[in-house]
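The values are calculated or read from the model by the stated rules, or taken from the named source; none is laboratory data. Since the model is a prediction, treat every value here as computed from it, not as a measurement. Because the Cβ atoms are built from the backbone with ideal geometry, glycine has one as well, and the counts that use them run over all protein chains shown. What goes into the accessible areas is simple: the full protein's heavy atoms, side chains included, and nothing from ligands, DNA or RNA. Shrake-Rupley method; radii C 1.70, N 1.55, O 1.52, S 1.80 Å.
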Amino acid sequence: MAEKRVAIVTGGAQGIGLAIVRQLSQEGAAVVIGDVQQAKAQAAADQVAAAGGQAIAVAVDVSREQDVAALMEQSLAAYGQIDVLINNAGIVQTGPVTAITESAWEKVMQINVKGVFLTCRAVLPLMMARRQGWILNMASVAGKRGGGLLGNSCYAASKGAVIAFTKSLAREAAPHGIIVNALTPALTDTQMTSGLSDEQRQAILGQIPLKRAAKAEEVAAAACFLVSDQASFIVGEIMDVDGGLMMD
Ligand SMILES: NC(=O)c1ccc[n+]([C@@H]2O[C@H](COP(=O)([O-])OP(=O)(O)OC[C@H]3O[C@@H](n4cnc5c(N)ncnc54)[C@H](O)[C@@H]3O)[C@@H](O)[C@H]2O)c1
């Protein structure tokens, strides 16, 4: 990054989010780690500081409006501006449609979809006032092709909504100088996917030309590219990080 930027990363306490936090920090950004897991988020911020970077941890449930408002306030109090928002927080729900409860459906939609809307709505006026900003939403290949072998229709529906929201917001925000994109990773080795059986994992990998899962760092590299000056003319892109899965 050419200048010092301030980046909020939701769900930054572990997995893909933590890899993004580390890379952004290495590139010189001051990072706000927003996560429901307060202790883990604080440990991540401490790690960044120990490595010579700048980070704070903020306890936030992205599906709660007041938490999101507090996330913005604490970011501004710490660093005075917000340049980058990476909506990475998310949860997964697996199982056939007949087994999904109403409350499970609602929880996934609240966090994966409403959470993205709430953070974007809160940050936009700040970015518009400065005519500058980068927003990156974490979707999934499931949002493009539907749920896979695990029957994760609810998760896929939430990520499909994130894709449509990203494209809409990209059109709305671009005239204000704000760049909005999304990433669609395939299977990535994190806690979210650690519960897969060997059989499930092999079945998924069988569909991926590279025949392996992504490392969190590989997804983070694409995320950091899309919020960098190198991607200054990329708008409304829904970028696959998928080892070739979505290739025509
Ligand atoms: N791992 C994969 O295979 C994969 C593939 C495609 C997309 N994704 C997406 O990437 C993102 C990160 O996934 P991951 O694999 O690192 O998962 P993960 O479960 O390891 O990490 C998710 C993080 O989000 C946080 N979080 C959950 N609910 C939250 C809430 N309400 N408010 C704030 N923080 C919350 C968790 O505490 C955790 O730190 C998710 O949006 C996920 O859907 C993951």
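Some points to look at:
- Carbon and sulfur %, accessible surface of the chain computed with the full protein complex present, 1.4 Å: 53
- Convex hull per residue volume in Å³, alpha carbons only, for the chain: 122
- Amide H contacts under 5 Å for GLY133: ILE179, restricted to partners 5 or more places along the chain or on a different chain, H placed in the peptide plane at 1.01 Å from N.
- Across all directions, the average projected area of the convex hull around the alpha carbons of the range 3-144 is 9.0 nm².
- Estimated from the Cβ-Cβ distance and a Förster radius of 45 angstrom, the FRET efficiency linking ALA99 and SER232 is about 0.50.
- For the range 1-82, the equivalent ellipsoid derived from the Cα gyration tensor has semi-axes of 18, 15, 10 Å, listed largest first.
- Using a Förster distance of 30 Å, the FRET efficiency for GLU199-ALA39 (Cβ separation, nearest 0.05): 0.30
- Inter-label distance, nm, simple model (7 Å from Cα along the C-beta direction), GLU65/ALA174: 3.1
- Distance from the range 190-245 to the range 1-73 (C-alpha centre basis), Å: 21
- Relative to the Cα centre, the charge distribution of the range 24-75, modelled as +1 at Lys and Arg Cβ and -1 at Asp and Glu Cβ, gives a dipole magnitude of about 120 debye.
- Modelled this way, with points 7 Å down the Cα-to-C-beta line, the labels at PHE225 and LEU126 are 2.8 nm from one another.
- Residue among ALA216, ILE135, SER25 farthest towards the positive dipole end of the chain, charges placed on Cβ: ILE135
- Accessible area per residue, Å², the range 6-241 with all protein chains present, probe 1.4 Å: 44
- Compared with the alpha-carbon gap, the fully stretched path from ALA77 to MET247 is longer by 56.8 nm at 0.36 nm per residue.
- In order along the range 210-226, the Karplus-derived 3J(HN,Hα) couplings, from 6.51 cos²θ - 1.76 cosθ + 1.60 at θ = phi - 60°, round to 6, 6, 7, 7, 6, 8, 3, 5, 6, 6, 4, 4, 5, 4, 5, 4, 6 Hz, and Gly and Pro are given as x.
- Our coupling estimate for the range 80-92, obtained by passing each phi through the Karplus curve with A = 6.51, B = -1.76, C = 1.60 and θ = phi - 60°, is x, 7, 10, 9, 10, 10, 10, 8, 10, 4, x, 10, 10 Hz, Gly and Pro reported as x.
- Highest mean packing first, where packing is the average number of other Cβ atoms within 10 Å per residue, the peptides 85-96, 46-57 line up as 85-96, 46-57.
- Partner lysines whose Cα lies under 16 Å from the Cα of LYS107, excluding those fewer than 8 positions away in the same chain, are identified as LYS159.
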